[in-house]
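Every number here is computed from the coordinates shown, using simple stated rules; none is lab data. Quantities reported herein were computed from a predicted structural model and do not represent experimental measurements. Positions of Cβ are backbone-derived with ideal geometry, glycine not excepted, and every protein chain shown enters the neighbour counts.
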Amino acid sequence: MADKGLFNWKLYKDGKTLGDTDVVSPDERLTWLRTTGIGLQHIVAMFGATFLVPLLTGFSPATTLFFSAIATILFLLITRNRVPSYLGSSFAFIAPIIAAKAGGIGVAVFGIFITGVLLALIGLLVTRVGTRWINVLMPPVVTGTIVALIGFNLAPAAYNNFMVSPITATVTLASIVLISALFKGLIGRLSILLGVLIGYVCAVTRGEVDFSGVNDAAWFGLPQFVAPEPVFSIVPMFLPVVLVLIAENIGHIKSVAVMTGKDLDGSIGWALFSDGLGTTLAGLGGGSGTTTYAENIGVMAATKVYSTAAYWVAGGGALLLSLCPKFGAAVASVPGGVLGGATVLLYGMIGMLGVRIWVENKVDFSKSINITTAAIPLVIGIADFTLQFGNSTLTGIAVGTLAALLVYHVINLLNKARGIDNVDPLMAAELESPALDKLSEETPRKIQEE
């Protein structure tokens with residue numbers, strides 16, 4: 001592909017025929033009409049989760065979509081079209097954004113900016129030294145704990161939204177559950193989006209939706225950008241998100257490598273850098289931070305089309321949608337009751353993804369080091385412990401993350417000094433092939449995909 005240029009994909013066969021066992025590689029494509037169809041599927045797949053984050057945090061959906069599209073295009077450019085991926089809103093940002101917004105939206109945007117800068121720097125470091133150090137710092141018991149406490153820390157926010165309109169929230173939640181249980185394939189995968197639409201209709205019939213913003217919005221125009229307001233005291237709230245984004249990106253690369261049969265380890269550092277750069281730009285303009293999306297892995301698994309050309313279509317399509325303010329205003333009109341129904345499930349799914357990480361990596365909780373590493377931070381996160389250091393306040397997620405790292409590594413050092421083996425039987429192999437290799441993507445999205 002490099003010899004032919006960045007945008008010269010090879011036409012797969014005749015570009016039309018695609019058998020059940022045929023696989024279209026990242027450097028190949030179908031006809032442009034068929035490639036466009038696949039790209040539109042990627043837009044549909046990312047749509048629900050990408051828009052839920054700004055709805056839950058009070059950010060502009062159009063601005064978030066704009067930076068999501070920009071981040072996706074940058075990712076494809078920087079990884080030289082070797083890694084098919086869509087970069088949408090990361091659920092890991094929800095809790096710190098909600099907390100930081102107490103000081104204004106510009107303060108929360110600054111936290112996203114700092115997160116992006118740190119992730120980009122880590123990506124550059126990984127291009128030099130590899131990923132082994134990440135696995136040593138964050139073995140599965142630590143990674144799973146951090147992801148779990150981020151989800152469970154949000155439980156009070158879900159409750160507050162739910163009680164805005166319990167009837168609408170119940171209709172929304174019940175719709176999501178029933179669609180997920182009764183339908184498979186794409187419909188089942190979009191159960192959250194469809195459930196929110198049903199809840200929205202319920203809210204409209206109950207007079208809970210304000211359409212004034214939709215009526216006043218123009219059909220075409222730039223999103224509303226928000227400049228970051230530097231307040232360094234909120235930075236500790238966002239530091240745990242960096243660890244989650246690292247895990248999500250590495251999990252995405254490993255998943256794509258398995259599906260395509262290509263060794264993509266050399267792209268991990270550039271993938272982290274790309275996501276960091278996309279998140280940095282979002283933090284400069286008022287968009288939510290980004291991450292690689294498991295929903296789009298689901299589309300690739302279903303179609304066996306891994307062409308990065310389809311992701312250029314998705315990125316371009318998302319960019320065009322973001323330039324329609326009326327569309328963004330319609331999304332922003334979703335009332336609190338609908339969000340309450342969706343978040344009861346979503347926040348719980350984020351928490352259970354942490355449990356999934358433990359299960360997939362066979363974390364042995366009969367070992368004191370593992371159960372202690374998980375137990376203390378989870379209580380800290382759920383109870384939302386806070387620590388004050390001068391002008392800086394560490395909230396439950398930051399305190400819990402710090403506790404997970406300290407508890408694990410302090411006990412690990414003490415056990416080594418006493419000659420006690422801390423490594424689970426299956427973890428030795430993980431140190432050769434990083435423990436995060438088995439980490440299958442994202443926050444609630446991986447569970448939703450299945």
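Helices meeting the span-like rule in the chain (full DSSP H runs, Cα extent of at least 18 Å along the helix axis, mean Kyte-Doolittle score of 0.5 or higher): 32-57, 61-78, 105-129, 140-153, 166-182, 191-205, 235-260, 268-285, 308-322, 336-360, 368-383, 396-417. Restriction of the trypsin sites (Lys or Arg not before Pro) in the range 63-161 to DSSP coil positions whose beta-carbon has at most 15 other beta-carbons within 10 angstrom yields ARG80.
Of all the options LYS254, LYS326, LYS416, the one that moves most in a Gaussian network model of the chain with Cα springs shorter than 10 angstrom is LYS416.
Dipole magnitude of the range 314-421 about its Cα centre, charges +1 at Lys/Arg Cβ and -1 at Asp/Glu Cβ only, in debye to the nearest 20?
Around 100 debye, computed over the range 314-421.
Distance between the pseudo-spin-label points of LEU11 and LEU33 (7 Å out from Cα toward the beta carbon): 1.3 nm.
Each Cα pair under 8 Å and six or more residues apart adds its sequence gap; the mean of these over the residue count of the chain is a relative contact order of 32 percent.
At the listed q of 0.07, 0.08 Å⁻¹, the Debye profile of the chain, built from one uniform point per Cα, gives log10 I(q)/I(0) equal to -0.33, -0.44. Here the gap between PHE365 and VAL117, fully extended at 0.36 nm per residue and compared with their Cα-Cα distance, gives a gain of 85.8 nm. Under a Gaussian network description of the chain, with springs only between Cα atoms under 10 Å, the residue in ILE234, ILE420, ILE70 that fluctuates furthest is ILE420. Residue exposure proxy: PHE225, PHE113, ordered by other Cβ atoms within 10 angstrom of their Cβ from fewest to most, comes out as PHE225, PHE113.
Beyond 23 Å, the tail of the calculated P(r) for the range 188-303 holds 56 percent of the Cα pairs.
Under a Gaussian network description of the chain, with springs only between Cα atoms under 10 Å, the residue in VAL242, VAL204, VAL109 that fluctuates furthest is VAL204. Beta-bridge orientation, the chain: approximately 65 percent antiparallel, per DSSP, counting only bridges with both partners inside. The charge dipole of the chain, taken about its Cα centre with unit charges on the Cβ of Lys, Arg, Asp and Glu (plus for the first two, minus for the last two), comes to roughly 340 debye.
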